[in-house]
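To keep things clear, I will list the structure first and then write my remarks on it.
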Amino acid sequence: MRDQKLDRAKIAIIGAGQSALSCAAYLARAGAKVDLYEKQERAGGLCINETPFKRVGSDAIVSSVASYYGMLRQEVIDELELYKHGLQPYLSNPIEIVLLDNDQYVFTPREAPDQDESVPRVKIDGLDDKQIEGWQAFWTDIQKAASIIYPLYFDSTTTQKRVKEVLIDHNLPKIADAIFDKSLEQLLDQYLSNPAYKAVAATCTPGFANLVGSVFGCIHHGTASTLEIFGAWGQVRGGMGQVTQAMQRSAEAHGARVHPGKAVKKIQIQNGRVEAVLFEDGQRLDAADFDYVLASQDIYNLFENLIGFDEMPGDIKDYLSANRPSVSAAKLHFLLSEMPVFKTLAAIKHNHKGVIVMAPSMESVRKDSQAVPKGSMPLELMLTMAFPHLDDETLSRDVVLTVDVHYLPARLEGGRKWTDDDDKALQQAVLQRISQQCPEIGALVRDCYVVSPNALAGRFAVASTSCWHMPMTPAFLFEKRALPGCAPYQTPYANLYTIGSGNYPAGNVTGCTGRNAASLIMEKLQK
């Protein structure tokens, strides 16, 4: 039902990424007049499809930054009718294989009646029944914790203390003790000792598995759900850009308007409020044109570039200065002349579908956790790879390999920003790493599209160079993901809210942030 008070509400949203689009859809459904102003020529933010290989004659579609599906909440899908608006998730088989040193691996097929049981699931040195039982117990506890934390993402009053209490109430004392105070490696020590198993688990968190905060990252990824199968990661027919396209259609169906190519130049502040929004093309919105301004940028872009230092409160300046992310990531899309063969996959007759991970040793992870934040490249790259076209013929008739590089310095040694030359060096380093499984990979490359900290900061205007906007560490989780002195989503300015991935609950394409922020705005308007 539309609310009469919301019918008179005017909402201006700066940016049109997944959080902004989901927020717009909820507000428009409630009756508000919603306009989204997007710098790029299309909506979607980091969750878009592109065709970067036209220069070499290929129409292959790639999911530029967000490329794996599962974190989008079923509540958001149902409430915004995203299936009706074209969203088509699917599951691949197998789920994944993690490739380790010395031809070791952990292979996870998707359970099916016709599954080939002749393929060994695990090839790891030094395994015994105790280690296997510990591995299974660890993942049982992680998934149980994920199911407990999942509903809390819709309650932005949740605190870290409350999370611990809930975990203890559900008989998960090990997880409660470690989630904000210990590393994933320390938690694993309570279940098993095998170093290869630890290296596999280290690939399941967005940070370094030997640092505090990595336990939550692992649980956060465990909250994935595809086709209502909890814990399941998948893909989207037509690429991840279909997620934001479905959100946009949902929002527009209820009157929201997206204005592409409308870059904001300045947010003018006066007397603690937004008085005007100025655009690069000379247009402006004055206070009479909006009741609230919602900004989906990362907070560094919002405060340093759009608001400016003169209008920034001292505590915000100190907060931004002290907490700028030092670790980023990258995604590379390789257009290949033919399908490559990875030696371990060929040996077990793997179909090269699903997720393929190359995992460094825990020793390398520990060393890189110290070196990468200081600007050094990792000693041994952690890669997550996929050939999406094998399951989705709508993406390409050509061979495309998508590669995520898990952690890279946000700035290089000496504080130097990334350049095109650094992108080329990264490309070669990735190919060198893949050549351990496929020696001929370099000769198969027709073209490569690199989305590194260079592109994140430049083309995508993510000043933090982090797709999560803020780190996934205890200093920035739950109640601590808000700005100093502010409630979740709020800023020091009465009519300005921030709704990007740096807000509660955390990063990834969840739709939670947009839903929660819309609920807050609707509550204020109704009052």
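Summary table below
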{"item": "Per residue convex hull volume, Cα atoms of segment 128-231, in Å³", "result": "103 Å³"}
{"item": "Across K265/K524; K331/K424; K480/K527, pairs whose alpha-carbon gap is larger than 23 Å", "result": "K265/K524; K480/K527"}
{"item": "Distance in nm between pseudo-label sites at E133 and A487 (7 Å out along the Cβ direction from Cα)", "result": "5.0 nm"}
{"item": "Simple spin-label estimate for K317 and E363 in nanometres, 7 Å along Cα-Cβ", "result": "4.8 nm"}
{"item": "Cα coordinate range in segment 145-198, projected on the principal axes (Å, largest first)", "result": "38, 17, 17"}
{"item": "Percent antiparallel among DSSP beta bridges (both partners in the chain, rounded to 5)", "result": "70 percent"}
{"item": "Proximal aspartates and glutamates to K317, defined as alpha-carbon separation beneath 18 angstrom and excluding residues fewer than eight positions away on the same chain", "result": "D298, E304"}
{"item": "Extended-chain gain in nm, criterion 0.36 nm per residue less alpha-carbon gap, E75 and D103", "result": "5.9 nm"}
{"item": "In degrees, nearest ten, helix 314-323 long axis to first principal axis of the chain (Cα)", "result": "10 degrees"}
{"item": "Distance from segment 380-440 to segment 1-79 (C-alpha centre basis), Å", "result": "26 Å"}
{"item": "Extension reserve of the E523-F309 stretch, reckoned as 0.36 nm per residue once the Cα distance is removed", "result": "73.9 nm"}
{"item": "Rg followed by Dmax, in Å, when the chain is reduced to its Cα trace", "result": "22.7, 71"}
{"item": "Segment 324-421: Cα Rg divided by the 2.2 N^0.38 Å rule of thumb", "result": "1.28"}
{"item": "Residues in segment 459-494 that a label on E41 would reach, taking backbone N under 19 Å of a point 7 Å out along Cα→Cβ", "result": "459-461"}
{"item": "Where labels lie 7 Å past Cα in the beta-carbon direction, separation of I168 and K349 in nm", "result": "5.2 nm"}
{"item": "Cα-based helix-to-principal-axis angle, 241-253 vs the chain, degrees rounded to 10", "result": "30 degrees"}
{"item": "Calculated [θ] (222 nm, deg cm²/dmol) that DSSP helices of n ≥ 4 give over the chain, each run adding -39,500 (n - 2.57)", "result": "-8500 deg cm²/dmol"}
{"item": "Extended-chain gain in nm, criterion 0.36 nm per residue less alpha-carbon gap, Q160 and A263", "result": "33.4 nm"}
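Read the figures in this text as sums done on the coordinates, not as results from a lab. Since the model is a prediction, treat every value here as computed from it, not as a measurement. Ideal geometry is used to build each Cβ from the backbone, glycine not excepted, and the neighbour counts take in all protein chains shown.
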